[in-house]
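Participant: First, the structure itself, so that you have it in front of you.
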Amino acid sequence: MGEAAEVPKSNWTNEDRALKEKLLRKYSKYISSLRHEFSNKKKKGKLPKEARQVLLDWWNIHYRWPYPTEADKIALAESTGLDQKQINNWFINQRKRHWKPSENMQFAVMDNLYGTSFIVNN
């Protein structure tokens, strides 16, 4: 309900055709630029369900350190059909939303950065 019925072109009057031609002459450059803009825009939205599941499976296995290597990213891209930028963005977002390194992990990182002499006084 509320939708306009589409009139077949064969039922158009000369007045309808004239109006169409007038509108096309006046607005054709806008229509073509809009058409071009819409055709160039990538569809935003969720990744395919199967691809998300592959990424989540990897995430669950590597939850303690969810930073895939370059080889992991290539393999994930091949198995999901996504490009590496999509893989990188998914992991960045996933870590921001769902991961917090453990306290032990933070100390291990500090030890690697500053050597084992890094001591925390309580």
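Any read-out appearing in this document is the output of simple, stated calculations on the displayed coordinates, not a laboratory observation. In this text the structure is predicted, and so the values were computed from the model without any measurement. Glycine also receives a Cβ, built like all others from the backbone with ideal geometry; neighbour counts cover every protein chain displayed.
Participant: Say each of residue 49 and residue 30 gets a label point 7 Å from the Cα, pointing the same way as Cα to Cβ; how far apart are those two points in nm?
Facilitator: A separation of 4.1 nm, rounded to one decimal place.
Participant: What base-10 log of the normalised intensity I(q)/I(0) is obtained for the stretch 8-60 from the Debye formula, alpha carbons as equal point scatterers, at q = 0.29 Å⁻¹?
Facilitator: Relative scattering, expressed as log10 I(q)/I(0), comes to -1.02.
Participant: If you don't mind, another one. Within the stretch 25-89, which chymotrypsin sites (Phe, Trp or Tyr not before Pro) sit in a loop by DSSP and count at most 10 neighbouring Cβ atoms inside 10 Å? Show your work: numbers first, answer last.
Facilitator: Values: sites: 27, 30, 38, 58, 59, 63; in loops: 63.
Passing sites in the stretch 25-89 are 63.
Participant: Calculate, for residue 75 and residue 103, the FRET efficiency according to 1/(1 + (r/R0)^6) with r their C-beta to C-beta distance and R0 30 Å; round to the nearest 0.05.
Facilitator: 0.45
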